[in-house]
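Accompanying notes for the structure given below.
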Ligand code: PLP
């Protein structure tokens with residue numbers, strides 16, 4: 001940091017302030033964690049100076065012996081901890097990983113058979129008519145994934161995301177009454193739509209997914225079964241999700257981030273069966289820009305950490321804490337969707353308290369608890385103001401917190417939320433604002449001192 005301060009003291013100051021923030025606020029953001037010092041330090045190294053387009057031993061640049069060794073080790077560690085046939089550790093983030101996966105599935109299942117049909121092996125050899133026909137076919141494929149409001153991610157076909165331009169997108173939702181996935185209904189939709197891809201995985205769904213059942217549905221519908229385990233990869237590596245709840249034995253392609261429950265560097269990865277390996281290998285430079293070798297090195301470190309027996313204890317504690325915190329929220333009068341959780345996160349409905357998710361998020365941040373607002377299934381408040389909070393326990397578990405702290409946190413969260421009221425809307429004082437609010441001063445002071 002001293003070296004950084006000698007060039008850009010402004011940046012060093014922001015880093016120190018971030019440290020201060022992280023030390024004084026309790027982090028309950030479900031998609032964040034604290035990676036280890038070895039992971040952090042590995043990211044800050046001179047491998048960043050290398051261009052490494054291509055794959056190990058097949059690069060578009062010279063001098064990649066060391067990067068090759070790093071990347072091969074990272075991929076090997078990934079295959080080992082997840083039991084996958086193939087791993088591509090190059091994606092820079094989870095969105096990249098999904099883009100790469102979509103492209104590889106389109107290439108493998110649509111483009112390659114079309115080339116065979118035309119008796120070609122190379123796209124450039126197609127006539128203009130053949131290419132136009134293939135483009136039509138590539139552009140008309142269906143993706144069936146979890147709807148954004150039911151907990152799916154933007155990259156699963158949300159209208160504003162590039163994925164919605166790649167596919168004819170359809171969403172399945174959670175059941176309106178139970179809040180959980182209805183596999184019979186998903187099967188009905190899949191058989192009707194016959195999508196190229198059936199996608200499972202979420203950013204905000206508090207229950208386990210039966211991947212065995214989802215694969216059966218995909219098989220019946222003739223779809224490729226893809227799972228985005230960005231949120232729960234740590235629970236898979238830590239063997240909390242096993243059997244039908246482990247996506248690896250059931251999915252054709254699995255994507256993930258590496259920085260959430262997996263506790264690695266900020267990045268992404270794709271795992272797959274051998275069928276998609278060739279296409280995935282060509283993803284750099286056809287989909288992604290040059291890999292980040294320094295981050296890939298940090299992935300290898302994180303994967304080795306995740307393969308240790310201690311990581312299993314860690315993963316189990318994340319879920320124990322999540323369940324304890326959800327129970328504490330319920331005990332203190334909050335509405336937790338589906339009545340609890342099977343994983344590292346759960347959702348709280350704040351609508352009954354008369355506030356929006358945005359107001360709840362800000363009031364808690366002021367009280368030194370950092371978490372994020374989240375749309376709830378069929379949310380009338382839309383994706384900006386929302387009606388809910390998403391609460392996750394991966395980061396606090398890394399800090400060593402346990403059941404006692406979860407009980408205390410549940411009480412503090414309820415205290416703050418029940419002491420927050422919407423302020424009048426500045427544009428129309430007869431109405432409540434969806435963003436502005438006031439917190440009772442005594443409750444805020446009490447929350448502060450209890451957090452400290
Ligand atoms: N997939 C899921 C399920 C996610 O929750 C996220 C991010 O939160 C992503 C993909 C995208 O990850 P990134 O922000 O690293 O691109």
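Values quoted throughout were computed directly from the atomic coordinates according to the rules given, and no laboratory measurement underlies them. All values reported here derive from a predicted model rather than from experimental measurement. As a convention, Cβ positions derive from the backbone with ideal geometry for all residues, glycine included, and neighbour counts pool all protein chains shown.
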Go from 0 up to the bin containing the longest alpha carbon distance in the chain, width 10 Å each, and give me the % of pairs per bin. 4, 19, 28, 26, 15, 6, 1, 0
Could you tell me which of rounded, prolate or oblate describes segment 49-133, using a ≥ b ≥ c as the square roots of the eigenvalues of the alpha-carbon gyration tensor, with rounded for a/c under 1.5 and, failing that, prolate when a/b is larger than b/c and oblate otherwise? prolate
Projected label distance in nm at residue 176 and residue 273, using a 7 Å step from Cα toward the beta-carbon: 3.7 nm
What is the helix-to-structure angle for 309-331, meaning the angle in degrees between its Cα long axis and the longest Cα principal axis of the chain, kept from 0 to 90 and rounded to the nearest 10? 40 degrees
With the 8 Å Cα cutoff and a minimum separation of six or more residues, segment 262-384 has a relative contact order in percent of 15 percent
Taking a ≥ b ≥ c as the square roots of the Cα gyration tensor eigenvalues, with a/c under 1.5 meaning rounded and otherwise prolate when a/b beats b/c or oblate if not, segment 82-124 comes out prolate
What are the equivalent ellipsoid semi-axes of segment 157-264, built from the alpha-carbon gyration tensor (square roots of five times its eigenvalues), in whole angstrom, biggest first? 22, 17, 14
Can you give the relative contact order of the chain as a percent, counting alpha carbon pairs under 8 Å and 6+ residues apart? 21 percent
Mark the label point 7 Å from the Cα of residue 435 along Cα→Cβ and return the residues of segment 358-378 whose backbone N is within less than 16 Å of it. 358-363, 373
Distance in nm between label sites at residue 164 and residue 85, each 7 Å beyond Cα in the beta-carbon direction? 3.4 nm
Each label sits 7 Å from Cα toward the beta-carbon; between residue 407 and residue 216 the label points are separated, in nm, by 4.1 nm
Using only Cα atoms, find the angle between the long axis of helix 357-366 and the longest principal axis of the chain, and express it within 0 to 90 degrees, rounded to the nearest 10. 70 degrees
Just want to confirm a number: the relative contact order over segment 1-151, from Cα pairs under 8 angstrom separated by 6+ residues, in percent. 8 percent
Write down the percent of antiparallel bridges among all DSSP beta bridges whose residues are both part of the chain, to the nearest 5. 60 percent
Where in segment 265-309 is the amide nitrogen less than 20 Å from a point lying 7 Å along the Cα-to-Cβ axis of residue 131? 285-287
Using only the alpha carbons of segment 272-363, what is the convex hull's orientation-averaged projected area in square nanometres? 10.4 nm²
What length, rounded to one decimal in nm, is gained on full extension from residue 122 through to residue 428, with 0.36 nm per residue of separation minus their alpha-carbon distance? 103.9 nm
Would you calculate a helix-derived [θ] at 222 nm for the chain, using -39,500 (n - 2.57) for each DSSP H run of n ≥ 4 and dividing by the full residue count, to the nearest 500? -13000 deg cm²/dmol
Relative packing of peptides 373-384, 439-450, 318-329 - highest average C-beta neighbours within 10 Å first: 318-329, 373-384, 439-450
Quick check on segment 29-92: take the gyration tensor over C-alpha atoms, sort the square-rooted eigenvalues as a ≥ b ≥ c, and tell me if it's rounded (a/c under 1.5), prolate or oblate. oblate
Using packing as a proxy for protection, rank 296-304, 388-396, 30-38 so that the peptide with the highest average count of other Cβ atoms within 10 Å comes first. 388-396, 296-304, 30-38
Rg over Rh, two decimals, segment 74-197 (C-alpha only, Kirkwood Rh): 1.03
Computed over the chain: longest principal axis from alpha-carbon atoms vs helix 94-106 long axis, angle to nearest 10 degrees, is 30 degrees
By how many nm would the segment from residue 13 to residue 188 lengthen if fully extended, with 0.36 nm per residue of separation less the alpha-carbon distance? 57.5 nm
